[in-house]
Amino acid sequence: MSMIKFFFVVISLTTVIAVDLPRNWKVCSRSLPEEEFSKCLDEAARNAVVSLARGLKSFKILPLEPLLVNSVKIGGSQGSVSLRQEYRNIKLYGLTKNLELYNHHLELDNGCLLTSDSYNPQVDFVADYKLDGKVLLLPVRGSGKSNITMYGLKSHNELACEKYEKNGETYLKIKKYSVTFDPEKVKLNFDNLFDGDKAIATQLNTFMNENADLLFKELQAPYEETFSQVFTKLSNEVFSRVPMNKIFPPN
Ligand SMILES: *[C@@H]1O[C@H](CO)[C@@H](O)[C@H](O)[C@H]1NC(C)=O
């Protein structure tokens with residue numbers, strides 16, 4: 001057998017073998033009364049996410065603390081904020097810290113949908129930024145380190161899934177992970193605005209913070225989209241390996 005063929009066989013073997021959830025993860029029986037099942041999922045999902053802070057090698061999941069994201073680009077729109085924003089080497093801190101999850105609902109019979117709400121006391125979006133444009137007529141320009149902090153972040157999560165069969169077992173696949181963010185307060189910090197003119201930079205940071213809601217509105221959709229992509233991939237690392245009945249046992 002050639003080396004290539006050998007690797008191919010090894011790879012296909014590892015992708016067909018059904019695995020169990022990590023032993024320290026909680027599972028919730030679908031036979032529980034609805035409210036109990038929902039509460040159980042809240043706790044199970046919370047424990048799972050918190051345990052992923054350091055990643056999970058066997059599931060190819062990288063650490064969530066911090067969560068690394070490539071880049072987010074936002075073209076200047078024509079509203080009161082016409083600002084091109086570019087963020088690279090993004091690190092998200094705080095996704096697992098004091099996380100609360102609630103209102104879990106799982107629908108597996110009529111379609112396939114998992115919904116939940118979550119709350120994070122503080123999430124820091126730390127990145128290399130590039131800004132160019134205007135905020136309320138004021139020119140804004142610069143590049144350097146940025147830190148966008150969301151306090152009291154409420155999110156609503158909707159995972160649209162589908163069921164499929166593999167080797168006689170039913171698996172779930174997340175097709176679309178929609179998330180909406182609703183932070184209580186957003187704090188912005190951009191180092192090196194106007195390429196380091198300190199007096200202007202400080203004033204501009206203050207000004208931008210006074211208009212943080214406006215700026216965040218621009219950032220929100222691409223940010224949610226990026227987040228959805230990352231979490232679709234992450235969820236599917238679990239769902240593609242562990243059969244549905246081992247995650248949500250019927251009895
Ligand atoms: C980002 O800002 C928050 C709030 O001020 C702070 O707690 C956090 O340490 C900052 N992170 C970095 C990397 O500067």
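The values are calculated or read from the model by the stated rules, or taken from the named source; none is laboratory data. Since the structure is predicted, the reported quantities are computational estimates derived from the model, not experimental observations. Note: ideal-geometry Cβ built from the backbone for every residue, glycine included; neighbour counts use all protein chains shown.
In table form, for the structure just shown:
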| read-out | value |
| --- | --- |
| Checking Tyr119 against (1) more than 16 Å from the chain's Cα centre (by Cα); (2) more than 16 Å from the ligand (Cβ to nearest atom); (3) aromatic (Phe, Trp, Tyr), the condition it does not meet | (1) |
| Unmet requirement for Lys175, which otherwise passes all of (1) out of contact with any Asp or Glu (no Cβ under 8 Å at 6 or more places or on another chain); (2) surrounded by fewer than 18 Cβ atoms within 10 Å (Cβ to Cβ) | (1) |
| Scan of the range 109-124 for residues that are out of contact with any Cys (no Cβ under 6 Å at 6 or more places or on another chain) and modelled with pLDDT of 95 or more, ordered by number | Leu113, Leu114, Thr115, Ser116, Asp117, Ser118, Tyr119, Asn120, Pro121, Gln122, Val123, Asp124 |
| Looking only at the range 128-151, and only at residues there that are farther than 13 Å from Asn192 by Cβ and crowded, with 21+ Cβ neighbours inside 10 Å, the one that is farthest from the chain's Cα centre (by Cα) | Ile148 |
| Odd one out for Lys233 among (1) part of a helix (DSSP H, G or I); (2) at pLDDT 95 or above | (2) |
| Residue tally, condition within 16 Å of the ligand (Cβ to nearest atom), over 19 Å from Val81 (Cβ atoms) and of a type in the set (Gly, Ala, Ser), over the range 132-173 | 2 |
| Output for the range 78-107, where each listed residue is more than 16 Å from the ligand (Cβ to nearest atom) and at pLDDT 95 or above | Leu99, Glu100, Leu101, Tyr102, Asn103, His104, His105, Leu106, Glu107 |
| Close pairs from the range 176-201: first among the polar types (S, T, N, Q), partner part of a strand (DSSP E or B) and within 16 Å of the ligand (Cβ to nearest atom), Cβ under 8 Å, at least 6 apart | Asn189/Ser146; Asn189/Asn147; Asn189/Ile148; Asn189/Thr149; Asn192/Gly144; Asn192/Lys145 |
| Scope the range 51-69; condition touching a helix residue (DSSP H, G or I) at 6+ places or on another chain (Cβ under 9 Å) and in a loop (DSSP other than H, G, I, E, B); matching residues | Lys60, Leu62, Pro63, Leu64, Glu65 |
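Matching residues to (1) closer than 23 Å to Asp124 by Cβ; (2) in contact with a Cys (Cβ under 9 Å, 6 or more places away or on another chain); (3) modelled with pLDDT under 90:
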| residue | (1), (2), (3) |
| --- | --- |
| Glu165 | no, no, no |
| Lys173 | no, yes, no |
| Asn189 | yes, no, no |
| Phe194 | no, no, yes |
| Leu204 | yes, no, yes |
| Met208 | yes, no, yes |
| Asn211 | yes, no, yes |
| Leu219 | yes, no, yes |
| Pro222 | yes, no, yes |
